[in-house]
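To start, the structure under review is shown below, and the notes come after it.
The numbers here are math on the coordinates, done by the rules we state, and not lab data. From a predicted model like this one, the values you see are computed outputs, not experimental measurements. Every residue, glycine as well, gets a Cβ built from its backbone with ideal geometry; the counts of neighbours run over all protein chains shown.
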Amino acid sequence: MRRKVCVVVTARPSYSRIKTALDALKASPEIELQVVLADSALLDRYGSAISFVEEDGFSIAARVYSVLEGENPAAMAKTAGLGLLELATVFDNLKPDVVVTVADRYETLSTAVAAAYMNIPVAHVQGGEVTGSIDEKVRHAITKLADLHLVSTKRAAERVIRMGECPDTVFVTGCPSIDLAAPVLEEPGLDFDPCEKYGGVGPELDLTNGYLVVMQHPVTTEYELARSHVLETLEVVYDSGLPTLWFWPNVDAGSDGTSNGIRSFRERVRPGNIRLFKNMAPTDFLRLLYNSKCLVGNSSVAIRECSYLGVPAVNIGSRQSGRDRGMNVRDAGYDRHEISDALEHHLHNGGRYASDALYGDGRAGPRIAQCLRDAPLTIQKRLTY
């Protein structure tokens with residue numbers, strides 16, 4: 001009998017972080033793959049992943065609409081609660097042998113809690129990492145709910161084991177998002193016009209002499225400051241004069257503040273060098289990233305994919321605090337002068353950094369699929385503390 005593996009994708013970035021594992025699971029004759037799309041992954045406002053999932057040939061077993069408007073901590077908590085209610089029904093209908101949850105967003109906690117209470121083994125991808133917001137609490141909580149741990153680095157594996165998890169259930173697979181970056185590193189040419197292919201909002205940009213990419217999300221523990229934080233970055237990017245491809249923030253508490261800051265800046269300054277996008281196909285985005293002069297913001301893309309691709313990155317604020325990083329990252333506070341100095345440092349260096357395999361070698365997806373196919377699926381007993 002084929003093993004039923006249910007993978008829950010809850011947000012735009014989560015799809016790229018699990019896509020190569022989905023490919024390998026779909027190709028395995030011993031696996032029945034069940035893809036569930038939930039929360040902001042379904043919403044166009046935050047860059048819906050539906051079309052990309054379907055274009056890549058995956059059938060969607062269920063869709064879970066549970067995002068509550070508000071973009072504040074109460075809305076996040078209630079969204080997690082609604083997700084728990086809805087996913088319990090989905091799991092009851094699909095009856096998977098194992099549920100896979102990805103990374104550290106609050107929606108992933110709903111996935112893990114629902115499956116754990118229903119005595120369905122939970123496999124967690126990207127556990128054991130350290131960051132600087134509510135995400136870390138969620139990530140570690142999911143570790144304690146999970147029965148199979150598919151981590152990106154050796155240090156992450158050590159942390160999971162120190163938390164009391166059985167070493168036999170912890171596998172260092174690497175990060176699946178690096179799998180998508182590997183072919184880009186081999187053939188890095190920008191073979192499409194992002195404005196023509198994805199539209200976006202803002203002026204036409206000439207990218208031939210270089211450009212910036214910006215991804216800045218609100219920090220849930222600092223959500224009241226989201227607007228002031230993004231305005232500091234906007235001033236630096238505008239003053240740089242470089243064409244800039246800016247991606248809208250995710251659904252976390254404070255996203256309204258980030259979005260309002262961007263809109264008010266556009267109306268007040270009317271910058272001629274900033275164009276806004278919601279989403280792109282994962283490989284297109286990575287190709288765009290590789291050919292940029294620098295990534296600016298606070299996305300984990302700076303730490304993971306940019307490290308592998310050798311793309312200079314300015315990491316702003318506390319969102320990625322504590323996460324292992326390569327030489328490509330230069331940190332800055334929420335201050336336009338610090339951000340500008342970090343950007344100027346990279347621009348003065350004038351090129352990419354050496355590729356760093358800190359988060360994987362480009363073969364994580366098949367490793368994850370093998371673990372999900374072969375590992376014993378039992379509700380794990382924890383080690384004695």
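From largest to smallest, the equivalent ellipsoid semi-axes obtained for the chain from the alpha-carbon gyration tensor read 34, 22, 20 Å. Radius of gyration over Kirkwood radius for the range 186-349, both on Cα atoms: the Rg/Rh ratio is 0.93.
Taking label positions 7 Å along the Cα-Cβ direction at both ASN209 and LEU190, the computed distance is 1.4 nm, reported to one decimal. Between ARG45 and ASP361, the C-beta separation translates, for a Förster distance of 25 Å, into a calculated FRET efficiency of about 0.10. Here is the list for the range 180-211: chymotrypsin sites (Phe, Trp or Tyr not before Pro) lying in DSSP coil, each with at most 14 other C-beta atoms within 10 angstrom of its C-beta, are PHE192. Just to confirm my numbers, what's the Cα centroid distance between the range 233-294 and the range 145-189 in Å? Value for the Cα centre distance between the two parts: 29 Å. If the chain linking THR283 and THR378 were pulled fully straight, counting 0.36 nm for each residue of separation and taking away their Cα-Cα distance, it would gain 30.7 nm. At full extension, LYS144 and LEU85 could sit 19.2 nm farther apart than now, given 0.36 nm per residue minus the alpha carbon distance.
Under the simplified labelling scheme, the ARG63-ASN349 pair shows an inter-label distance of 4.3 nm, with each label point 7 Å from Cα along Cα→Cβ.
In plain terms, the chain is cut at each of the GluC sites (Glu not before Pro) found in a DSSP loop with at most 13 other Cβ atoms within 10 Å, and the longest leftover piece is 205-385. What does a probe at GLU55 reach in the range 193-208, counting residues whose amide N is under 15 Å from the point 7 Å along Cα→Cβ? Answer for the range 193-208: 193-200. By the beta-carbon count within 10 Å of each Cβ, the least crowded to most crowded order of SER299, SER318, SER177, fewest first, is SER318, SER299, SER177.
Over the chain, Cα pairs under 8 Å with separation of 6+ residues give a relative contact order of 19 percent.
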